[in-house]
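Structure first, commentary second.
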Amino acid sequence: MAAQTAIWFLGVKPVVRYLSGAAVAAALFVSPAVAQNTDRSHEVALRQLQNPQTANAIAALVEALARSLMAMPVGPLADAMAQVDPDSDLADVPRDATLGEVARVDARDAERLGDDAHAAGTMVTGMARQLEVMLPTFEAMARDMSAQWSQDWDRARRTSRRR
């Protein structure tokens, strides 16, 4: 069982692909312009994300992170797993094995993840622009909902009694 858990954990390719999109979204929302919390700061962040240099930098960062992650040695982890479960599939992992080798990651996967991050930036920007158009409607809905809840709360206080 421990071996299956470790092999599942080491199968990180889908996780890393998901994280490339998350990295782009995080880059958008942790931008210093957004952190300033000004009314139009999201426009600055969106312009930055649309900037080809920013998109390329994010893609390069994701690619470098993926390459680094895949180059991490997992031999000591495999040794520890083999001590817990001597029949583990990981008992045969060479001491100098990397995560990429154990997960059987293609050498071009890091580059593809960088490309995916670049494409995700374009997609996130488009989604943010669409959300910006819908924002006044959402704000009006929130105000209406708040007023309704306030009325309902007052009504419940008047009609409810402790027993």
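Values quoted throughout were computed directly from the atomic coordinates according to the rules given, and no laboratory measurement underlies them. As the structure is a prediction and not an experimental result, all values here were calculated from the model. Please note: Cβ atoms are built from the backbone with ideal geometry, for glycine as well, and neighbour counts cover all protein chains shown.
The alpha carbons of segment 97-151 stretch over 64, 23, 9 Å along the principal axes, in descending order.
Summary of the geometry: segment 75-121 and segment 48-72, compared by the centres of their Cα atoms, lie 20 Å apart.
Under the rule a/c < 1.5 gives rounded, and otherwise a/b versus b/c splits prolate from oblate, where does segment 56-163 land using the Cα gyration tensor?
Numbers: a/c = 6.49, a/b = 1.84, b/c = 3.52.
Note, shape of segment 56-163 comes out oblate.
The charge dipole of segment 106-163, taken about the Cα centre with unit charges on the Cβ atoms of Lys, Arg (+1) and Asp, Glu (-1), comes to about 1040 debye, rounded to the nearest 20.
Quick one: if the Förster radius is 30 Å, what FRET efficiency do ASN51 and ALA80 give, using the C-beta to C-beta distance and rounding to 0.05?
Details: r = 45 Å, r/R0 = 1.50.
Between ASN51 and ALA80 the formula returns 0.10.
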